[in-house]
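The values are calculated or read from the model by the stated rules, or taken from the named source; none is laboratory data. Small disclaimer: the values here were computed from a predicted structure and weren't measured. Glycine gets a Cβ as well: all are built from the backbone with ideal geometry, and neighbour counts include every protein chain shown.
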Amino acid sequence: MNLREFVDTSGEQPVRGFLHTPAVAGSACLILTHGAGANCQTPLLVALADAFAAAGFTVLRCDLPFRQAKPSGPPMRSAERDQAGLRAAVAAMRREMGAGRIFLGGHSYGGRMASILAADEPGLVDALLLLSYPLHPPRAPEQMRTQHFARLETPALFVSGVRDGFGTIAELEGALRLIPARTELLPVEGAGHELIGKRNRDALPQQVVEAFRAFMGSECSVSEVR
């Protein structure tokens, strides 16, 4: 696997991050981004990028525009700009990859931005990988973040810890029924919102890779991604 910094300033928003290129490249690319309090260097994104690259995916893990603008702190009224940043990342990877499938994924806030973008622009990407989707703020289950779910026509694999305060497994299962596209939920035993920790840091990345490839089935076959 090769790893290099990636910068593309040709689109509506700059794209900045790290590109993982597999030793034997397939025809699929996964874009990964981070949560509200993090950046693309988080242990979860690095571990997943390495695991997907080892499976033959080209992986871009990138910083959202709000994080490019400031090194710390939460996003402040930047949702539209952050979605534009993901749209720019998709366009940059299409230029980088040429033909092939593009998948979009994100942890927490990043996954929420990815899902809203996909709901607004059906067909932009082939599938979503949503890690610790923040279904509602902790201890505020009445503030559901599912307004766009009924418009989401892109297949989506959700991965969530069974101890995640942003949404229980039962709450997620109910919310996924709102989505007309094909969905699947992968519960992670013992995990909270961060998903990865000392106990599962070795097993979790491969578990997610295998679940995503199984979810995509023939759309992400061994002949395409080795």
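Restricting attention to the stretch 17-35, which residues are over 22 Å from Ala127 (Cβ atoms) and crowded, with 20+ Cβ neighbours inside 10 Å? Spell out the reasoning first.
Of the residues in the stretch 17-35, the ones over 22 Å from Ala127 (Cβ atoms) are 23.
Matches in the stretch 17-35: none.
Report yes if some residue within the stretch 66-81 is surrounded by fewer than 24 Cβ atoms within 10 Å (Cβ to Cβ), touching a residue at least 60 places away in the same chain (Cβ under 8 Å) and over 17 Å from Ala127 (Cα atoms); otherwise report no.
To start, the set of residues in the stretch 66-81 that are surrounded by fewer than 24 Cβ atoms within 10 Å (Cβ to Cβ) comprises 66, 68-81.
Add one more test, that the residue is touching a residue at least 60 places away in the same chain (Cβ under 8 Å), and what stays is 81.
Among the residues that remain, those that are also over 17 Å from Ala127 (Cα atoms) are: 81.
Looking through the stretch 66-81, at least one residue is surrounded by fewer than 24 Cβ atoms within 10 Å (Cβ to Cβ), touching a residue at least 60 places away in the same chain (Cβ under 8 Å) and over 17 Å from Ala127 (Cα atoms).
Sort through Thr146, Thr168 and tell me the only one that's without any contact (Cβ under 8 Å) to a residue 24 or more places away in the chain, at negative phi and surrounded by 14 or more Cβ atoms within 10 Å (Cβ to Cβ).
Criteria check complete, one pass: Thr168.
The set of residues in the stretch 103-130 that are in contact with an Asp or Glu (Cβ under 6 Å, 6 or more places away or on another chain), surrounded by fewer than 24 Cβ atoms within 10 Å (Cβ to Cβ) and either among the aliphatic types (A, V, I, L, M) or at pLDDT below 95 (or both) is empty. Looking across Glu173, Glu189, Glu184, one residue alone is without any contact (Cβ under 8 Å) to a residue 24 or more places away in the chain and touching a strand residue (DSSP E or B) at 6+ places or on another chain (Cβ under 9 Å). It is Glu173. Would you call Val208 surrounded by 13 or more Cβ atoms within 10 Å (Cβ to Cβ), more than 19 Å from Gly37 (Cα to Cα) and of a type in the set (Val, Ile, Thr)? Considered against the rule, which asks whether it is surrounded by 13 or more Cβ atoms within 10 Å (Cβ to Cβ), more than 19 Å from Gly37 (Cα to Cα) and of a type in the set (Val, Ile, Thr), Val208 comes out as yes. For the stretch 158-181, filtering for residues that are of a type outside the set (D, E, K, R), out of contact with any Pro (no Cβ under 7 Å at 6 or more places or on another chain), farther than 17 Å from Gly110 by Cα and not in a helix (DSSP H, G or I) leaves 4.
Glu12 fulfils the conditions (1) of a type in the set (Asp, Glu); (2) over 14 Å from the mean Cα position of the chain (by Cα); (3) modelled with pLDDT of 95 or more except for a single criterion, (3).
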